[in-house]
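So the structure is just underneath, and the comments pick up after that.
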Amino acid sequence: MATGSGPQAAAAKLKAAGNELFQHGRYGEAVGRYSEAIGRLQQSGKKWPEELSVLYSNRAACYLKIGNCSDCIKDCTVSLELVPFALKPLIRRAAAYDALERYRQAFVDYWTATQVDGGVQAAQDGMNRMRKVLIDMDGSNWRDKLPPLPSVPIAFQHNWRASTPGNAGTEKINVQQNGDNSASSSLKQAKSLKEEGNLLVKKGQYREAVSKYTASLKLNSSEFTTYTNRALCYLNLQQYREAERDCTVALGLDPQNLKAFYRRAMARKELKDYKGSIADLCEMLKLEPGNLSGQRLLQEVQMLVK
């Protein structure tokens, strides 16, 4: 956004304030700032599609953080209407669909994001995770029940392996066949790399272990324990945002994973997202009320809030 005077400059200041609040975990207040910025631009009578798209996407991120998935989806949809095939609203909407167990729509959004940029790991992991869920839910005919897969124009594609107009159709074939060729070999290699990572963790070599776990996940992105193990390494390396992200992925794969709840709570505590940390610990203690580590950490975080 431009600086100076006028609605665009005012919206830029409000957006910056919203970003600052978001970084400090004050998501409800950030929603207010982004909403004010959207209002300023809309009241000006001019069209600001790029600026508005970012603001709606940012507000959607806040809604996703506080569990308001319906409003997250609405804002992402508006953002994508303003700027088609934007990556962040695609991935955020997919995550919201996933949380609402609307797995087919989540798959389509993750798949579309991989068409826009094949190098985005979150989109690849999400697509693979949704495919596994849909196979379990719908069986071998799961593809027949999907909503239509959009064709992403070449102009919107980045870092994609092919550059022909048939990308979308080609990828659909790859989606159908993925896992059929050399799957057993890949899974064995993934397991071996994970075990190497586990040995490095025991030696306190966390950075090296992260590399092993990352390589393992490239071969098998549906193994939730690899994510929680890597999260432990990130915690020890004080990379709390990465630890939080890995635990979130793990919980998407295994919604009752105690380690993922506990380690994400630890990460959120260090990120000063105390409400998020407490929420994770409460969920953990619902599953295992007698967990002493969870009880102690909950008391510690509650004291920080006071």
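The values are calculated or read from the model by the stated rules, or taken from the named source; none is laboratory data. Keep in mind that this is a model prediction, so the values were computed, not measured. Neighbour counts run over all protein chains shown; Cβ positions are idealised from the backbone, glycine included. The accessibility values were calculated without ligands, DNA or RNA, using every heavy atom of the protein model including side chains. Shrake-Rupley method; radii C 1.70, N 1.55, O 1.52, S 1.80 Å.
Going by what's in this entry, would Val210 be described as of a type in the set (Val, Ile, Thr), touching a residue at least 24 places away in the same chain (Cβ under 8 Å) and either touching a Cys at 6+ places or on another chain (Cβ under 7 Å) or farther than 26 Å from Val133 by Cβ (or both)?
The answer is yes for Val210.
For the condition touching a residue at least 24 places away in the same chain (Cβ under 8 Å), acidic (Asp, Glu) and out of contact with any Pro (no Cβ under 8 Å at 6 or more places or on another chain), what is the one hit in Asp71, Asp98?
When all the criteria are applied, what remains is Asp98.
Which of (1) of a type in the set (Lys, Arg); (2) surrounded by fewer than 21 Cβ atoms within 10 Å (Cβ to Cβ); (3) without any contact (Cβ under 8 Å) to a residue 40 or more places away in the chain is the odd one out, the single condition Lys272 does not satisfy?
Every listed condition holds for Lys272 apart from (3).
Name the single residue that is least open to solvent (accessible area, probe 1.4 Å) among those in the stretch 132-158 being in contact with a Ser or Thr (Cβ under 8 Å, 6 or more places away or on another chain) and among the β-branched types (Val, Ile, Thr).
Restricting to residues being in contact with a Ser or Thr (Cβ under 8 Å, 6 or more places away or on another chain) and among the β-branched types (Val, Ile, Thr), the top hit is Val152.
Which pairs turn up if I take residues in the stretch 13-30 that are within 15 Å of Lys272 (Cα to Cα) and without any contact (Cβ under 8 Å) to a residue 24 or more places away in the chain and look for partners that are in a helix (DSSP H, G or I) and open to solvent by 40 Å² or more (accessible area, probe 1.4 Å) with beta carbon separation below 7 Å, at least 6 apart in sequence or on another chain?
So the pair list comes out as Leu21/Glu29; Leu21/Arg33.
Within the stretch 78-95, can you find the residues that are in a helix (DSSP H, G or I) and more than 9 Å from the chain's Cα centre (by Cα)?
Within the stretch 78-95, Val78, Ser79, Leu80, Glu81, Leu82, Leu87, Lys88, Pro89, Leu90, Arg93 qualify.
So, Lys286, is that one in a helix (DSSP H, G or I), farther than 21 Å from Ala95 by Cα and modelled with pLDDT of 90 or more or not?
yes
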